[in-house]
Structure formats: structure tokens, C-alpha cells
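The block underneath contains the structure these notes are about, expressed in C-alpha cells.
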Amino acid sequence: QVQLHESGGGLVQAGGSLRLSCAASVRSFNMYTMGWFRQAPGKERDFVAAISGGNPNYVASADSVKGRFTVSRDNAKNTVYLQMNSLKPEDTAVYYCAASTVGISALHTAYNYWGQGTQVSVAS
């Protein structure tokens with residue numbers, strides 16, 4: 001059983017930054033691909049970024065966040081991060097972290113375990 005807990009959300013002005021953290025309660029954290037997704041009210045859950053377990057240099061991100069968001073992980077702390085810079089009002093959503101036993105994927109169906117989410121609100 002994998003338990004995930006996100007933190008770091010909040011309200012920020014456009015152009016500001018936030019860093020989300022996701023702590024995992026699991027053995028062999030480095031065996032899991034970790035992903036970040038987000039869901040705005042009335043919209044589908046969208047892929048944001050993901051990072052491989054075995055090779056933390058292997059990452060992927062959505063076009064909408066490239067150059068602004070960076071995913072990273074600390075396997076010694078069982079934690080994955082999402083550094084969000086140059087935030088825009090359209091980044092407002094609930095952000096979820098997720099764990100997968102397969103390789104990096106932008107499909108939410110590839111992820112077996114999900115956190116409860118953390119709200120990010122960006123004011124214009």
C-alpha cells in the first residue's frame with residue numbers, strides 16, 4: 001500500500017512561485033515513477049509532470065508548464081517536488097501527486113496511487 005500526502009499549496013499572485021511536496025509512505029520509493037496532475041473546476045484531470053524512479057534525470061512535463069515548472073525527487077526522503085515559477089491564473093487547480101509502477105506516462109490511468117490533492121490558486 002502506498003500513501004501519498006501533498007503539501008505546499010496556497011494562494012499566490014500571478015508571476016509568483018510555489019513549491020509543492022509529496023511525501024510517500026512506501027518501501028522502495030525509487031521503484032515508483034511519480035507524477036503530478038492537476039484538475040480545475042469543471043475540467044478533466046490533466047498531466048503536469050512526471051519523474052522516473054530509477055533515473056531522476058528522466059522527466060517529462062506538459063507543454064503548458066515547460067520552462068516554468070520543474071519536477072524533482074529525493075529518494076532518501078521519499079519525497080517528490082514540483083517547483084512552480086511564473087505562475088499564471090490558468091494554473092489554478094487542485095494538484096495531485098501519483099505513483100506508478102510503470103514508466104513515465106501522461107495518462108492518469110497509468111498511476112496506481114493518488115494523494116488527496118492540494119489547492120493552488122493564482123490571483124491575477
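Bear in mind these aren't lab numbers, they're just calculated from the coordinates by the rules spelled out. Predicted, not measured: the structure shown is a model, and the values here were computed from it. Note that each Cβ is placed from the backbone with ideal geometry, even for glycine, and that neighbours are counted across all protein chains shown.
Summary of values
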read-out	value
Range of Cα positions in the chain per principal axis (Å), largest first	41, 26, 24
Sequence ranges 77-86, 10-19, ranked by mean other-Cβ count within 10 angstrom, highest first	77-86, 10-19
Inter-label distance, nm, simple model (7 Å from Cα along the C-beta direction), ARG19/ASN85	1.3 nm
Debye log10 I(q)/I(0) for the range 68-107, one point scatterer per Cα, at q = 0.20, 0.24 Å⁻¹	-0.82, -1.05
Cα extents of the range 2-47 along the three principal axes, largest first (Å)	37, 23, 14
